[in-house]
Amino acid sequence: MDRAQAAVAAATDGSPQQIQARYQYAQALDQSGKYPEALKEYLWLFDVGMKQSPAFAGVRVSYLVNSIAMLSRHYPPAGDELRARRDADEKALDAGTGGQSAVMEFASIDGALHENARTLAAFDKLPQGDPRRAMLGTQIFGLLLKKHRYKDAADAQPASMFLAIFEMQSGLISRFASNPEAAAQIKGMFVKNALDEIEALSGAGLTDDAKRVAGRLREFDSSKETAEAIAERMAAAPPATPGA
């Protein structure tokens, strides 16, 4: 904690170094059981520090939100603060004034608090073609799939988008050549994500797209187990129904 405080003091106000140092300081407070002080730092990072620094945009709605949600398990006021910000974002979405930032905040907080039903309800309020609907859909892709809402899932994550992300991220495995266990875990995650996409596309009636993703997955993992899983996913998805 002393080192974290010293790093905060040494950094220039508002600099990325200071923001990172304050995040580490907040985590040190959290780990030391100083929950009110940790929450104060986390909220400054969410409302001011990281919000004003584009370099931390992704960290803000992922790691930071998860840190606050984890703190709420020991210190309930942290959950109350997250929900207050989530509710404000939801009101902005309902009023038509919430843009991309509000969508990402809203969905990430719901995900961290395991309250994705709220995200789904907000998703259903938005009209087809609204870009905010698509953004929310990517956040609840797994929930849409679980509920067999295949068309919505496929609209939120089309084959072209999935394949582009897959190509970009699959190269990560090579970085873990010295750690076979980590490489296997990452590979398993990619296989699962591709299987989910195949089921969504197949269920939405987009058979050609499903076959494209399946072909790329076979190139990535030619195992018998994956080939069998592909067949199961394509067969498991029932024919799409209008509005499903």
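Values in this text are rule-based calculations from the coordinates and carry no lab data. Computed from a predicted structure; not experimentally measured. Note that we place each Cβ from the backbone using ideal geometry, even for glycine, and neighbour counts take in every protein chain shown.
Just a few scattered comments:
- Mean residue ellipticity (222 nm) of the chain, computed from DSSP H runs ≥ 4 via -39,500 (n - 2.57), nearest 500: -21500 deg cm²/dmol
- Using a Förster distance of 41 Å, the FRET efficiency for S170-K147 (Cβ separation, nearest 0.05): 0.90
- Cα-projected label distance for A10 with H74, points at 7 Å along beta-carbon direction, nm: 2.6 nm
- Cross-link check: pairs K91/K147; K34/K91; K147/K211; K40/K187 evaluated at a Cα-Cα cut-off of 28 Å; pairs beyond the cut-off: K34/K91; K40/K187.
- Alpha carbon centroid spacing (whole Å) that separates the stretch 1-27 from the stretch 82-136: 31 Å
- Principal axis box of the chain, alpha-carbon based, largest edge first, Å: 57, 51, 30
- Förster radius 22 Å - calculated FRET efficiency between S32 and N179 (Cβ-Cβ, nearest 0.05): 0.10
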